[in-house]
Amino acid sequence: MSSSDVGARIELRHDGFALRWPDPAAVAAFVGWSDVVRIRTYKRDLFAVDSVCLAFDRGTGGPVEVCEEMSGFDELSACMRERFPDIPADWFGTVVQPPFAANPAVLYESDGPWRVMQGELVSPSGRFEFELDVREVFNSHWAATPTLVDGADRSAVFAFANDKWSCDQARWDGERVTLWLRKYPGNHTPAGIRATIDCLEKTGAVGDGPHAPLAGLEAALDAALTFQWGEGAGQPAAEPPEPAAATPLGQIEGGG
């Protein structure tokens with residue numbers, strides 16, 4: 001849910017906040033304080049001005065983004081600091097400077113079991129970001145399936161078709177991001193696999209292999225894993241994950 005939804009206003013509640021739209025038929029987004037696992041801040045470049053944003057990552061569902069132009073933003077900011085007192089009092093002034101830079105920062109992180117993925121969710125420019133579907137796939141076994149989103153139009157750059165994929169770590173290098181992945185229940189060798197995505201070129205690579213169109217990335221990742229028994233049974237993955245041998249995407253059907 002993005003702040004690009006023009007006309008949205010923030011409505012505070014005792015257990016969280018909701019986004020409301022002028023159209024009564026529009027579905028409102030709700031963020032419960034107890035469901036917040038991370039709060040991020042950054043700026044969006046609107047050419048003439050900057051817009052300070054907050055993104056609330058939830059234990060279930062995608063993130064909800066609000067921006068300073070929305071009615072109720074100041075009240076939400078004050079309430080947020082009351083609910084999460086470790087957030088610095090000067091967080092707004094810190095993200096504002098310098099101008100026309102994204103200045104991404106994490107204001108709050110839960111210590112709960114959802115913290116499967118380590119690293120920054122937002123690219124250094126602030127344009128690209130990960131939305132995480134974090135869930136308990138089995139008793140105390142947690143997975144975080146990432147979807148890479150272009151913040152310019154909220155389109156998906158890359159999304160997994162199979163929700164058993166989980167990301168343990170992400171590292172950005174400009175608009176390229178390297179992911180360390182595993183697939184639940186982890187009954188595969190190697191225990192983890194590395195993929196690199198070039199967000200601008202819309203290409204991806206497995207391990208140190210060559211880049212190819214993203215349409216073939218998930219198939220190439222699957223081909224690089226050897227499963228020890230049927231998917232859907234067994235024990236959680238070993239950790240930490242190690243990079244897998246390269247599998248050229250061009251060798252996978254649909255890989256371009």
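What translational D, rounded to a whole number of µm²/s, comes out for the stretch 1-112 from Stokes-Einstein when the hydrodynamic radius is the Kirkwood one over Cα pairs, at 20 °C and 1.002 mPa s?
In µm²/s, the coefficient rounds to 149.
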Eligible aspartates and glutamates near K183 by straight Cα distance, threshold 18 Å, same-chain separation 8 or greater: E131, D133, E136, D163, D168, E218, D222, E231, E239, E242
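Readers should treat all values here as calculations from the given coordinates under stated rules, not as data from a laboratory. Predicted model only: the values in this text are computed from it and were never measured.
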